[in-house]
Structure formats: structure tokens, C-alpha cells
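Step one of this worksheet: look at the structure below.
The values are calculated or read from the model by the stated rules, or taken from the named source; none is laboratory data. All values reported here derive from a predicted model rather than from experimental measurement. Glycine gets a Cβ as well: all are built from the backbone with ideal geometry, and neighbour counts include every protein chain shown. The area values use the complete protein model at the heavy-atom level, side chains included, leaving out ligands, DNA and RNA. Shrake-Rupley method; radii C 1.70, N 1.55, O 1.52, S 1.80 Å.
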Amino acid sequence: MELNQWVDELFEVFDEDRDGVINRTEFVELIDCLLQDKGIRMCESIFKRFDKNHDNAISKEELREMVIELAL
């Protein structure tokens, strides 16, 4: 599966309220899914790291950067 397609699908699944960003609650679920046993303890620092504009949400582009760095 191509990276952009994978990110689009991840974003669609985890943006549960369909507001166009991944909020903290959705992010915890995403990280738990991606990192499994490492997940919850790392969420806060990872969220801060990838919320580049500090708007307390993860945009699709921020998610793309996170997936490239953490999952590939």
C-alpha cells in the first residue's frame, strides 16, 4: 500500500468526529494501534512533537510526517 493511501485510511479511521483533525483522544487510539505495547506512555510527548503548529490537534500533514518517522 502506498504511504499516502495508508495515511488517508488511518486519518479516516481515527478522525472519529470527522472534524478534519485528530484530537488528543483520537491520537491516543492511533498511537495505541501503531505502537501497541509502547503506546500510551509515549502519547503525550509524541503528540507534542508532531503537533507542529501547537493547535492541540494533528492535521493530516502532521500525521503523514509522524507515520514516515515512526512507522517506516
At a 1.4 Å probe radius, carbon and sulfur cover how many percent of the accessible area of segment 3-71?
-> 49
At 20 °C and 1.002 mPa s, grab the translational diffusion coefficient of the chain from Stokes-Einstein with a Kirkwood Rh over Cα pairs, rounded to a whole number in µm² per second.
-> 178
About the Cα centre, charge dipole magnitude for the chain (Lys/Arg +1, Asp/Glu -1 at Cβ), debye | 380
Using label points projected 7 Å from each Cα along Cα→Cβ, tell me how many nm separate residue 29 and residue 13, to one decimal.
-> 1.1
